[in-house]
Structures are given as structure tokens and as C-alpha cells.
Amino acid sequence: MGLLDRLKKPKPAGPQVKKWVTRPEDMPWFDQANAEQVLEKRRAERNYTDREFEMLRQWVRDGYHVVDNVVDMKLIDGMVQDIENLWTTSDGIPGLVLHDLRLTDGPEVTHNVPHVDLVKHSAEQRQEIKKRSHWRCSEFFKYSKNCAEIRLNPELERLISLIMDRPTPPEYTVNFMWGSRQALHQDGAVFHLHPPNYLCGVWLACEDISPDSGPLVYYPGSHRSQFFPKFDNYPQTNLHCCPKEQMQEYADFMEQQAKNYERHQFVAKKGQVLLWHAMLIHGGDTVRRPELTRHSYVCHYVPPGMKKDDEVVGPFNW
């Protein structure tokens, strides 16, 4: 090929966007049309306890389940204390980042601050930053033994694996100190999963939750609601990859979908755990008393091979 021919040759296209196909039979058993019949049959074959059967039936019908008495209170207290210690220690923790810190008392501009930089502030400055910031941290299990033990809770993993009908280990974690005020959403629209809906969300109350602190809100049965129509090549198309102007459209769509279901607040007692379906509509309620904390721990469980983060292309929104 001559030089002129090489110059005329079209440049390679950018990253190729895969066309994803999901067949009805690829969906989890609990999303199949005959899920309740499947469950009745399995009850006899697998000797489910009454508690296990009721959990699975509620998952099929309502898309959530509340679990009591599975997390050691001492671990919860230890994890909360480990988080509090982040503000008083003089030793920075490499790799740990605190999100949404307001470093000044001016306009509400927030920053994601490495802990090694936070400890460079004086003790007094740190307390001021803490007081005015509705902050959180991700992957705290890497830095706290108490958090790591909660994340690897064997009973939670057993129950979630029972729901998913396959081994399902924990993945991402977030620790919240305050009400998240998060808009209504479905986790399936945030994660890249294929087949869809192989995900279980876990929300642990690390203190008694006040209805004025911005509790988690959720809509039983909404796991069967319509997925946002413009995410028509999921998992490539979701909130992570969509045009930014589409994010508000998605939020409006969720608000409309939620109107079809009864609204519940999770005004939990310390130690209670909410498990939820990838499509359950949920979010953070209004914070009526900003001085109230809402210590909570969130983890998502995903079966191996179902995350497709490496197979989608950007640009990404975060």
C-alpha cells in the first residue's frame, strides 16, 4: 500500500459498543413467571426451614427481606468507633478516602479527601470539618477489622446465596454517618450486571434510626416495575454511562414509577439488616433534624462472573 492509500485509509473507530442480549430464561429464578411454583417445589426437595421459605417467598413477591440478630453488636460498636477514630488519630491511613467533606464554612462545596491529607489539619480544624460535613467512606473493611468481620458475616452470605441459588460473596461497601438524601433509584441501574438482577443489597443499622434522620425508604413490589426504557442496551446503558442530561430524566421516571407502590420507611433498630432486590426502588428520605446521625453500613453481594464492568465502555459519569 502506497503512502497516499495509507493516508486515505479510515482511522480505526473508538471502543466498540457491545450489543447485549438477555433472554427471559437467563434471568434469576425469582424473576421468572413461575417463581412461586419453583419455590414450592424446592421447599420439598431442599428441606427449607419455615424461615428460609418465608424469606424466599417475600423476595419473590416484595423484593426485600429484613433480617434480625445476625450481626454481633460488639462488631457494630467496634466499627463505629473505628470510624470515629479517623477524626482523632494523628496517623494517616494510606488509601482511605473520606467523601463529601466541606473543608470550609463557605458555599457547600464538597471534596473527596485522602485520610493522609485530613490528618494534616489541626485537631480543632478536623472537628469543625466533621461537624459541617455529611460525609461517608467506601471500602472501610480494608482498614477496620470490625468492618471486615461484618462484611464476611457467614449467615448473611448463606442467606443471600440461598436467594441467588449460587455462591454470592460480598463486594463493595459504604459506611454512612448521616442520611444519604439519595434520590430514588434501582441498584440495577448503577451496576453493570449480566444477566441482570444478580445482586443483593444489604443495609445494616449501626444505631437505632430516627424517622427524622433521613431513613432509607423503599417500595415493596417495585422490583417488578419497568426498567428505564432508554437504558435499552443494559449493562452498557445505565446511570454510570448515560449522557448526563439523561440522569434527571431517570430520576423523574423513578418518581413516577414509585407512585404505583406503597412507600415504606426503614426505621430500623440497631443491628437490623434490610436485604433488597437489584430492581427495588429505594432512596434516602428527607432529613428533618440535621443534627441526628444515621450510622449505617451498606454492602452489595454479586455472584462471581455477573459483574461486567470490564466489558462496558465510557465515557463514565463517575
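The values are calculated or read from the model by the stated rules, or taken from the named source; none is laboratory data. Please read these numbers as outputs of a predicted model, since none were measured by experiment. So basically every Cβ, Gly included, is an ideal-geometry build from the backbone, and we count neighbours across all protein chains shown. Accessible surface areas use protein heavy atoms only, side chains included; no ligands, DNA or RNA. Shrake-Rupley method; radii C 1.70, N 1.55, O 1.52, S 1.80 Å.
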Extension length gain for M73 and R181 (0.36 nm per residue less Cα distance), in nm, is 36.3 nm
Could you pull out which residues in segment 174-216 have an amide N less than 20 Å from a spot 7 Å beyond the Cα of D26, following the Cα-Cβ vector?
187-200
Quote the FRET efficiency, to the nearest 0.05, computed for N85 versus W318 with a Förster distance R0 of 30 Å and r equal to the Cβ-Cβ distance.
0.60
Hz values of 3J(HN,Hα) by residue in segment 44-58 - Karplus curve (6.51, -1.76, 1.60), Gly and Pro given as x
6, 6, 10, 6, 4, 6, 4, 5, 5, 4, 5, 4, 5, 5, 5
Inter-probe distance in nm under a simple model that places probes 7 Å from Cα toward Cβ, at Q265 and A33:
4.0
Largest first, how would T173, T89 line up by accessible area (1.4 Å probe)?
T89, T173
Considering only protein heavy atoms, what is the solvent-accessible area of L103 at a probe of 1.4 Å, reported in Å² to the nearest 10?
60
Quick one: if the Förster radius is 30 Å, what FRET efficiency do S210 and V66 give, using the C-beta to C-beta distance and rounding to 0.05?
0.95
If you take the charge dipole of segment 156-269 about its Cα centre, with +1 on Lys and Arg Cβ and -1 on Asp and Glu Cβ, which of F191, T168, L204 is farthest toward its positive end?
T168
Which entry in (1) 43, 24, 18; (2) 38, 24, 18; (3) 33, 31, 19 is this structure's computed semi-axes √(5λ) of the Cα gyration tensor in Å?
(3)
Unit charges on C-beta of K, R, D, E only; dipole of segment 67-188, Debye
220
Running a GNM on the chain with Cα contacts under 10 Å, which residue among E45, E171, E139 ends up with the highest mean-square fluctuation?
E45
Stretch Q248-V190 to full length: gain in nm at 0.36 nm per residue minus the Cα-Cα span?
19.5 nm
At a probe radius of 1.4 Å, what is the per-residue accessible area of T49, in Å² to the nearest 10?
70
Give the distance, in whole Å, between the Cα centre of segment 86-105 and the Cα centre of segment 31-53.
47
What number, rounded to the nearest 500 deg cm²/dmol, is the helix-based mean residue ellipticity at 222 nm of the chain, given -39500 (n - 2.57) per DSSP H run of at least four residues and division by all its residues?
-8500 deg cm²/dmol
Solvent exposure of the chain as accessible area per residue, Å², 1.4 Å probe
51
Rounded to the nearest 10 Å², what accessible area does H115 show when all protein chains are kept and the probe is 1.4 Å?
0
Relative contact order %, the chain, counting alpha carbon pairs below 8 Å whose residues are six or more apart
25
Could you work out how much longer the chain between E311 and E45 gets when fully extended? Use 0.36 nm per residue separation minus the Cα distance between them, nm to one decimal.
92.0 nm
In whole Hz and in residue order, list the ³J(HN,Hα) couplings for segment 174-184 that follow from phi through the Karplus curve 6.51 cos²θ - 1.76 cosθ + 1.60, θ = phi - 60°; x for Gly and Pro.
9, 10, 9, 9, 10, x, 6, 6, 6, 5, 4
Check which residues have an amide H placed less than 5 Å from I281's amide H, if you skip close sequence neighbours.
Y219, S222, H223
What are the ³J(HN,Hα) couplings of segment 300-316, residue after residue, when phi is run through the Karplus curve with 6.51, -1.76, 1.60 and θ = phi - 60°? Round to Hz, x for glycine and proline.
10, 10, 9, x, x, x, 8, 6, 10, 3, 7, 10, 9, 10, x, x, 10
